[in-house]
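The values are calculated or read from the model by the stated rules, or taken from the named source; none is laboratory data. This is a predicted model, so every value here is computed, not measured. With ideal geometry, Cβ positions are generated from the backbone for all residues, glycine too; neighbour counts draw on all protein chains shown.
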Amino acid sequence: MNTNTLSEHRCADKCTDFKATGEQCNHCLVSNSEIPNSSDFEVGDAVVYLSAKKPDTIHYIRTVSTKFEYVVLDNADVVNFDSIRHATVAEFTNNRRLPQGVTFADVDLGDDTHIENHISPLCPSDFNNNNLTIKSDTQNNLAIQNDALNCMESCYIKKKQQVELLQTEVARLNAIVERLKTEKLATQVELDAHRDDLNPSNSTPLNFEEYENRCGYHNLLSRVQGIHEALRILHNNPEDFDFYSVERKYYYHSEKTENLISLQALQNAVCHYFIDVFGGIQAIQYIVDEAPEGATHFNREYLNLNPKNKHMSVWVDGIWKPEHYGFLTFKDITTLSVNLSDLKDVLDHIKYNEVSETAYSISYSYLTKSTEEQIQFFNKQKKIAEDEEDQQEVISFDHQADGAYLLWLRLTKNCRNPSDNERFQVLVGAKA
């Protein structure tokens with residue numbers, strides 16, 4: 001080896017065994033501490049894979065991204081910083097990854113004494129010419145590879161930005177959900193705070209029967225799958241039927257089969273549900289009385305919902321203001337609010353029950369006897385009209401008899417005797 005070049009060697013003034021006399025040292029040319037760490041990766045560095053499952057060949061870095069901590073190798077492989085390391089001098093000399101602990105001195109370079117200091121004068125010029133040709137070809141190849149690698153890097157960065165945008169949007173939607181939950185909780189707290197005013201604590205306590213009925217409505221609503229299904233069953237009653245089958249989804253006039261639900265009991269369950277939700281009948285009366293003109297639903301505020309064009313307005317400061325929701329559908333808004341007509345039905349049902357109970361307490365037998373006498377009187381008048389062949393009078397008395405029966409049917413809906421009902425049906429000709 002030419003001694004003139006030894007002073008310029010990388011081991012000069014670093015390795016204690018390095019000798020300027022031209023003798024080869026017995027250690028690696030550069031110590032392990034001189035190998036750059038992973039944070040010093042640069043274009044052109046020789047590296048090897050850390051994993052033993054990867055090929056042991058040496059590769060060269062073509063692109064470095066310090067922001068995302070990855071490099072692109074000459075084989076177009078994109079790897080993270082923690083998957084590679086710089087090649088040692090021994091590995092660079094041997095052109096492959098060596099096991100840990102193998103140094104330059106462990107690599108057999110063979111005997112080079114026959115060529116040491118015997119370099120042809122033509123070598124420098126030939127070497128320079130060949131080097132220029134190789135360098136030109138390498139630059140062309142690198143330019144082609146860099147174009148492809150730059151395209152890959154651009155795609156990678158673009159996809160990463162899209163992922164970050166999606167993560168930001170998910171975080172925004174989660175924040176909206178949490179805000180709505182907080183608003184719902186605040187509304188519930190506010191409603192609880194007003195319940196004492198709407199339903200005073202010194203009101204008359206429930207007796208045992210009323211308490212049992214109120215606790216039982218939960219089971220009945222659960223049987224029909226909730227308050228919304230219960231309201232649908234009551235609204236769709238075609239001819240004022242008295243019973244309903246959940247399994248067959250069919251209405252009945254009488255309890256002919258088992259497992260039928262009394263629609264009267266279902267209406268009572270709906271009333272108890274709304275009374276518990278709003279904190280008393282007085283609160284429901286207040287909401288109905290204070291509803292502005294055009295209001296159809298109530299939630300935390302009065303709403304005007306138009307099912308045809310899916311339009312919604314909110315009553316704010318004495319005027320209707322259009323409201324738009326970004327991710328809630330019109331159906332969701334309708335489900336979360338209460339129809340004011342349902343609250344009015346609750347009030348009417350409570351008042352009707354009070355009248356019915358008062359009438360029954362006076363005398364059920366008296367009401368039934370009076371109705372029977374009226375029907376018999378109308379039937380006699382109908383018979384006289386038939387004998388006189390006055391068809392118009394026949395129809396008139398027939399309708400009056402039917403009206404007397406229907407009035408009795410309405411007033412005794414919660415307390416009628418089935419045998420009385422069958423007897424009246426025979427009198428008015430509804431049953432043979």
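Evaluating F274 against the criteria (1) in the same structural domain as R232 (by TED's automatic domain parsing); (2) on the phi < 0 side of the Ramachandran plot; (3) more than 32 Å from the chain's Cα centre (by Cα) leaves one unmet condition, (3). Among the residues examined, I35 does not qualify as outside the structural domain of E153 (by TED's automatic domain parsing), surrounded by 12 or more Cβ atoms within 10 Å (Cβ to Cβ) and at pLDDT 90 or above.
Pairs are defined by a Cβ separation below 6 Å, a sequence spacing of at least 6 or placement on different chains, a first member in region 412-428 that is β-branched (V, I, T), and a second member that is assigned to a helix (DSSP H, G or I); the pairs so defined are V428/A401; V428/D402; V428/Y405.
Residue by residue, here is whether (1) outside any strand (DSSP E or B); (2) at pLDDT 85 or above; (3) surrounded by fewer than 10 Cβ atoms within 10 Å (Cβ to Cβ) holds:
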position	(1), (2), (3)
P55	yes, yes, no
Y60	no, yes, no
K67	yes, no, yes
L98	yes, yes, no
V102	yes, no, no
P124	yes, no, no
A143	yes, no, yes
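Out of curiosity, is K249 basic (K, R) and on the phi > 0 side of the Ramachandran plot? Against the criterion (basic (K, R) and on the phi > 0 side of the Ramachandran plot), K249 qualifies. In region 73-94, the qualifying residues are those that are part of a helix (DSSP H, G or I) and of a type outside the set (S, T, Y), and the one that is nearest to F41 (Cα to Cα) is F81. Candidates in region 364-396 are the residues that are among the aliphatic types (A, V, I, L, M) and more than 60 Å from the chain's Cα centre (by Cα); of these, the one that is nearest to F424 (Cα to Cα) is I375.
If a residue has to be hydroxyl-bearing (S, T, Y) and either assigned by TED's automatic domain parsing to the domain that holds A76 or farther than 16 Å from Y70 by Cα (or both) to count, how many in region 143-177 make the cut? Steps first, answer last, please.
Within region 143-177, the first condition is being hydroxyl-bearing (S, T, Y), and the residues that meet it are 154, 156, 168.
Filter again for either assigned by TED's automatic domain parsing to the domain that holds A76 or farther than 16 Å from Y70 by Cα (or both), leaving 168.
Result for region 143-177: 1.
Taken over region 308-318, the criterion of being loosely packed, with under 11 Cβ neighbours inside 10 Å and either farther than 13 Å from P292 by Cα or charged (D, E, K, R) (or both) is satisfied by K308, N309, D317.
Of the strands (runs of 3 or more DSSP E) lying entirely inside region 273-331, not one carries at least 2 residues that are more than 25 Å from H349 (Cβ to Cβ) and modelled with pLDDT under 80. Every test in (1) modelled with pLDDT under 85; (2) exposed (fewer than 15 other Cβ atoms within 10 Å of the Cβ); (3) within 58 Å of the chain's Cα centre (by Cα) is passed by Y360 save one, and that test is (2).
Take the conditions (1) exposed (fewer than 14 other Cβ atoms within 10 Å of the Cβ); (2) not in a loop (DSSP other than H, G, I, E, B); L234 misses just one of them, which is (1).
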